[in-house]
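Input: a single structure, listed below in structure tokens.
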Amino acid sequence: MIKVAFFDTKDYDKASFLPYEKTAGLEFKFYETKLTEDTVDLARGSDAVCVFVNDTVNAAVIDKLVAMGVKVVALRCAGYNNVDIKYAMKKIHVFRVPAYSPYAVAEHAMALLLTSVRRIHKAYIRTRDFNFSLSGMTGFDLHGKTVGVVGTGKIGRVFIDICRGFGMKVVAYDLYPAADSGIDYVSLDELFKVSDVISLHCPLSDETWHMIDYPAIEKMKDGVVILNTSRGALINAEALLEGIKSKKIGAACLDVYEEEANIFFEDRSGHILRDDLLSRLISMPNVIVTSHQAFLTEEALANIAATTVENITCFYHNNGNCDNELCYRCGSAQICEKTHLNNNRVQ
Ligand code: NAI
């Protein structure tokens, strides 16, 4: 049996993974706590750890996992900014789920956009209180507006298709533009300048950290709507708040937040929220926050479980030759998704 310790486990994780226990030759231990330097000892005796977006896989955690004989870090998500991939190289194998449902995230982005521009969040509360007034509910048509999509990978492309279905004009920015895609690529500055709506779909990296900051917001159209379903730290939240207060930004829809790790995914009603910035953002009538739920569809959960189990079993049964492994190529400063070359491989 391959023993796997799950961190940051929720009920929906258990429900989607449990059918694989025993049948796939796996034995699971589910921990609700996140993986950190303080909790890593729980992985003792495991062959693999299975982690999510807010677990910490830094150098200290990697060292401890390696010392305990853990061979695999299986991310049950696509993003891997919480893992020190460079440090992990030649020490431990890191797998991710590169695609489980780009539709889930792209559809959630559009749901947030529609909710915001048509004030559905306000209407829902009003009519439940038998308040049928339309005062302050005027929205705007998406048809004919320009949407700027940053990152035209799997999710960005699905979002582009959805926006085109609404009759929106699409411009995009990507560090690696897709050839022959029919996408109208522009510079990031041009995207900021012409977009009525900006939607972020690129990964978080040193390059993209705070890509939406004070100077970027200055370049944007007055009344721009900003959507972030990617990673919180793509946006400097203080700059966003200032942009909203000055009415430069017309609305913000956030499924992610830079400091979400100790806030999101839990019921904190009845507690005093210590994060003043998030409290202030949430208090704004034109800000909608969801708790990193864009991925959360039945289809996505099923695909995440299937691919994660495949990643782990493939590592143990296929001589470690599996897709979906992340490695840091020496000298190229580029994360590559394919298996390490054999000479780089942890034995
Ligand atoms: P992907 O890897 O298919 O696409 C990412 C795109 O971003 C690529 O085209 C890449 O060339 C581009 N890119 C890389 N660096 C860039 C830069 N500096 N500037 C502009 N573009 C750059 O990834 P996918 O599946 O589309 O996911 C995108 C992001 O969505 C993930 O990195 C993750 O952070 C986030 N995500 C959020 C979820 C949620 O529940 N809110 C769920 C799944 C993913």
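The values are calculated or read from the model by the stated rules, or taken from the named source; none is laboratory data. Everything numeric here is computed off the predicted structure, so don't read it as measured data. Don't worry about glycine lacking a Cβ; one is built from the backbone with ideal geometry, like all the others, and counts go over all protein chains shown. Ligands, DNA and RNA are stripped out before the accessible areas are found, and what is left, the full protein with its side chains, is counted by its heavy atoms. Shrake-Rupley method; radii C 1.70, N 1.55, O 1.52, S 1.80 Å.
Note on K248: aspartates and glutamates with a C-alpha under 15 Å away, same-chain residues under 8 apart excluded, are D196, D213, E218, D222, E238. Placing dummy labels 7 Å off each Cα toward the beta-carbon, the span from M137 to Y31 is 4.9 nm. Per residue of the chain, the DSSP helices (runs of n ≥ 4 H) give a summed -39500 (n - 2.57) that works out to -9000 deg cm²/dmol at 222 nm. For K90, the aspartates and glutamates whose Cα comes closer than 18 Å to its Cα, not counting residues fewer than 8 places off in the same chain, are D47, D63, D323, E325, E337. If R0 is taken as 30 Å, the Cβ-Cβ distance between K22 and S205 corresponds to a FRET efficiency of 0.20. Counting only protein chain heavy atoms and rolling a 1.4 Å probe, the accessible areas of H108, H317 rank, largest first, as H317, H108. The phi torsions of region 87-102, fed into the Karplus equation with coefficients 6.51, -1.76 and 1.60 and a -60° offset, translate into couplings of 5, 5, 4, 6, 10, 8, 8, 10, 10, 9, 10, x, 8, 10, 5, x Hz, rounded to whole numbers, with Gly and Pro shown as x.
Annotation: lysines with alpha-carbon distance below 20 angstrom to K247 (same-chain offsets under eight excluded): K122, K145, K193, K219, K221.
Once both labels are positioned 7 Å from their Cα atoms along Cα-to-Cβ, the gap between K193 and V66 label points is 4.8 nm. The slack between M284 and E299, meaning 0.36 nm per residue of separation minus the straight C-alpha distance, is 2.1 nm.
Report the accessible area of F264, computed with a 1.4 Å probe over the heavy atoms of all protein chains in place, in Å² rounded to the nearest 10. Accessible surface of F264 is approximately 10 Å². Summing charges over all other residues whose Cβ lies under 9 Å from the Cβ of Y214, with Lys and Arg as +1 and Asp and Glu as -1, gives -4.
Summing charges over neighbours of D11, with a neighbour being any other residue whose Cβ is under 14 Å away from its Cβ, gives -4 when K and R count +1 and D and E count -1.
Per the 1.4 Å probe, what fraction of the accessible area of the chain, in percent, lies on carbon and sulfur atoms? Accessible surface attributable to carbon and sulfur in the chain totals 51 percent.
For the chain, what class follows from the C-alpha gyration tensor (a ≥ b ≥ c being the square roots of its eigenvalues): rounded when a/c is under 1.5, otherwise prolate if a/b is larger than b/c, else oblate? Prolate shape, in that a/c is at least 1.5 and a/b is the bigger ratio. Database remark: amide H of T146 closer than 5 angstrom to the amide H of K169, D196, V197 (H placed geometrically; neighbours at sequence offset of 5 or more, or on other chains; Pro and chain starts carry no H). With θ taken as phi - 60° and the Karplus curve 6.51 cos²θ - 1.76 cosθ + 1.60 applied, the whole-hertz 3J(HN,Hα) list for region 220-229 is 7, 5, 4, x, 4, 9, 10, 10, 10, 10 Hz, x standing for glycine and proline.
Near G250, the amide H atoms lying under 5 Å from its own belong to G223, V224, V225; only residues 5 or more places off or on other chains count, and H is placed 1.01 Å from N.
FRET efficiency for I272 and T127, Cβ-Cβ distance as r, R0 = 35 Å, nearest 0.05?
With R0 = 35 Å, the Cβ-Cβ based efficiency is 0.70.
Subtracting the Cα-Cα distance of D213 and R164 from 0.36 nm times their residue separation leaves 14.9 nm of extension gain. Centre-to-centre separation between the Cα atoms of region 261-294 and those of region 165-205: 28 Å. Packing here is the average count of other Cβ atoms within 10 Å per residue, and on that basis the peptides 226-233, 282-289, 3-10, highest first, run 226-233, 3-10, 282-289. Ligands, DNA and RNA excluded, the heavy atoms of T127 present near 70 Å² of accessible surface to a 1.4 Å solvent probe.
Using a/c under 1.5 as the rounded threshold, could you call region 82-192 rounded, prolate or oblate? The axes a ≥ b ≥ c are square roots of the C-alpha gyration tensor eigenvalues, and prolate needs a/b larger than b/c, oblate otherwise. Taking the square roots of the gyration eigenvalues as a ≥ b ≥ c, region 82-192 is oblate.
Considering the zone a paramagnetic label at Y316 would reach in this model (a point 7 Å from Cα along the Cα-to-Cβ line), which residues of region 47-64 have amide N under 12 Å from it? Residues passing the 12 Å test: 47-49. If both residues of a DSSP beta bridge must be in the chain, then about 10% of such bridges are antiparallel.
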